[in-house]
Each structure stands twice: as C-alpha cells, then as structure tokens.
Amino acid sequence: MQFLSLSRRLVDKFPSEAFTPDLVASETARIRELYAAGTLRQIWKRGDIPGAGILWEAGSESEVRAAIDSLPIAQAGMLEIVALIPLQPYPGFCPAT
C-alpha cells in the first residue's frame, strides 16, 4: 500500500542554526536507508515552505509513522507531519466493464 506524507520543518520554533550540517547529514543517510529498503519510494522538497513530500510503500500507516519517527529531524522534535494520506489506485486506468 502506498502513502503520501507532507511535512514541514518547524523553522518557527527552531532557528536555522539548529538544522546543523551533522543533523542534515544524518537525515540524508536515513532517507537513503529507507529508500534502499523500498519503504521510501520518492521524495521531493516542498517548494512553498521548508519540508518534504514523500511517497511511502508500507503495509500500514503505523509502519509509515515508525519510518517517519526514525528520521533524525523528527526525533529532534523539529518536524511536523501536516498530512499522511493512504493512496488507492486510480480506477480510470482499469478496463471498462
């Protein structure tokens, strides 16, 4: 099952200096691990505010939440999940019956 998450960095609560190079490097490393495992399918930087849109592949919402909770920026309390949406296949690509 696929899920779409939208997140934002809590830049209103944390100064930009809090997002240290080490923290960002740890975040990048964890993102790569989740991608290699097939849990994280795609990721985009948000164009409107600091944050990300992520396409997840998981058996349940709780698996996605656990993956998100494993991200260093989330563990530091510096990330808000704005939306976590389960996705279903678009029926318009199915043969007409």
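The values are calculated or read from the model by the stated rules, or taken from the named source; none is laboratory data. Just so it is clear, the structure is predicted and the values come from calculations on it, not from any experiment. For neighbour counting, all protein chains shown are included, and Cβ atoms are generated from backbone atoms with ideal geometry for every residue, glycine included. The accessibility values were calculated without ligands, DNA or RNA, using every heavy atom of the protein model including side chains. Shrake-Rupley method; radii C 1.70, N 1.55, O 1.52, S 1.80 Å.
Roughly what would the spin-label model give for LEU55 and VAL24, points 7 Å off Cα along C-beta, in nm?
Result: 2.6 nm between the two label points.
Over the chain, with the other protein chains present, what is the accessible area per residue in square angstrom, probe 1.4 angstrom?
Per residue, the chain has 65 Å² of solvent-accessible surface.
Please determine, in degrees from 0 to 90 and to the nearest 10, the orientation of helix 21-36 with respect to the longest principal axis defined by the Cα atoms of the chain, where the helix direction is its Cα long axis.
Rounded to the nearest ten degrees, it is 20.
Round to a whole number: what % of the accessible area of the chain belongs to carbon and sulfur, probe 1.4 Å?
Carbon plus sulfur share of accessible area: 57 percent.
What distance in nm lies between label points placed 7 Å from Cα along the C-beta direction at VAL11 and ALA36?
The two pseudo-label positions are separated by 3.0 nm.
Given a Förster distance of 41 angstrom, what is the FRET efficiency for ARG46 paired with CYS94, based on the Cβ-Cβ distance and rounded to 0.05?
With a Förster radius of 41 Å, E is 0.80.
When the dipole is taken about the Cα centre of the chain, and only Lys, Arg (+1) and Asp, Glu (-1) are charged at their Cβ, what size is it in debye, to the nearest 20?
My answer is approximately 180 debye.
Quick one: plug the Kirkwood hydrodynamic radius of the chain (C-alpha pairs) into Stokes-Einstein at 25 °C, 0.890 mPa s, and report D in µm²/s.
In µm²/s, the coefficient rounds to 171.
With n ≥ 4 as the cut-off for DSSP H runs, can you work out [θ] at 222 nm for the chain, using -39500 (n - 2.57) per run divided by the number of residues, rounded to the nearest 500?
Dividing the helical sum by the residues of the chain leaves -8500 deg cm²/dmol.
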